[in-house]
Each structure stands twice: as C-alpha cells, then as structure tokens.
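Enquirer: Please read through the structure below; I'll follow up with questions.
Bear in mind these aren't lab numbers, they're just calculated from the coordinates by the rules spelled out. Because the structure is predicted, anything quoted here is derived from the model rather than measured. A quick note on method: Cβ atoms are made from the backbone with ideal geometry, for glycine too, and the neighbour counts reach across all protein chains shown.
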Amino acid sequence: MHNLAHNKVLHERIVFLTMVTEDVPHVPAAERVAVKPLGKGFYSVIARYGFMDDPNIEDVLAACQVKSLDIPIAGTTFFLGRETLVASDRPGMPQWREQLFAFMSRNALRATAFFKIPADQVFEVGAQVEL
C-alpha cells in the first residue's frame, strides 16, 4: 500500500507471502507451501516451517513454481515491514522491561538474513511502535 500511495505504482503481479513457524520440528516439503490466487494478479502464499527448519526464500519460490506460480528470484523486489520498538512512559510494563525488550528486538536477526532474502532486492517500510 505504501508503494502505491507514494510512488503511484501497482505492479503486474503482487504476492502476499506469509511465513509461519509451526510448533513441530519439521514440516514436510510437500506440505510447506500453499498458493491461492486472489484475482487480478494478486496471490496469497503461505509458507510453513517447523521450528527446527531453516527458512529459505529460494525454496519457497521453487515450491510456488511447482504450484503454477512462477516467481523468478532475479527481478523480484521484496517489500518488508520493519518495526522499531521504543520504550514509553505509558502505564503497563515497567520501564526497564520495555527497554530490555526493545534492546533484544534491535539485536534480533533481521528478516533478510533469517529468510535468506537477497539484501539488494529488499525494500523496507518501517514504523516505530511504542511499548
């Protein structure tokens, strides 16, 4: 939506990809990816991994191709949301916990590295979230 609002561009094909970590060690490759056409060039793709699996975007795109959705990695732009957590003075969680949580969030592995997305093909849209 940000790209459409700011750049006045609607791409020919848009894929909403959701990566889900299941409560099982491994998800079989045959059950990993579900593709659902939404119409007018929009698709929903849900990729499921077990907590011991190593998510890899190239594997997801290969599974999509098997399900009749060809998404070549070359020329694909990945739009990612990025939230920066900020401690606030609002009542609720103690200030030290908010600061610790925000610190841990800043030091977590970035999505591009975790999902093995080529860094030069990523466009991040960020927001600050007050705890």
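Enquirer: Taking the radius of gyration and the Kirkwood hydrodynamic radius from Cα positions alone, what is the Rg/Rh ratio for segment 25-131, to two decimal places?
Expert: Here the Rg-to-Rh quotient is 1.07.
Enquirer: Straight-line reach from K116: which aspartates and glutamates have a Cα under 18 Å away, not including same-chain ones fewer than 8 places off?
Expert: Straight-line reach from K116, under 18 Å: D53, D54, E58, D59, E124.
Enquirer: Take the alpha carbon atoms of segment 1-36, find their center, do the same for segment 53-111, and report the distance between the two centers in whole angstrom.
Expert: First find each Cα centre; the distance between them is then 12 Å.
Enquirer: Then there is this: For the chain, what is the relative contact order in percent, using Cα pairs closer than 8 Å and at least 6 residues apart in sequence?
Expert: With pairs under 8 Å counted, the relative contact order is 23 percent.
Enquirer: Shifting gears a bit: Please list, or write none, the aspartates and glutamates whose alpha carbon is within less than 13 Å of the alpha carbon of K40, excluding same-chain residues fewer than 8 places away.
Expert: E12
Enquirer: Which value, in debye to the nearest 20, describes the size of the charge dipole of the chain about its Cα centre when Lys and Arg Cβ atoms bear +1, Asp and Glu Cβ atoms bear -1, and nothing else is charged?
Expert: For the chain, the charge dipole is close to 320 debye.
Enquirer: If you take every DSSP beta bridge fully contained in the chain, what fraction is antiparallel? Give it as a percent rounded to 5.
Expert: 25 percent
Enquirer: Another question, if that's okay. Would you work out which of I57, I46, V125 lies farthest towards the positive end of the dipole of the chain? Charges go on Cβ: Lys and Arg +1, Asp and Glu -1.
Expert: V125
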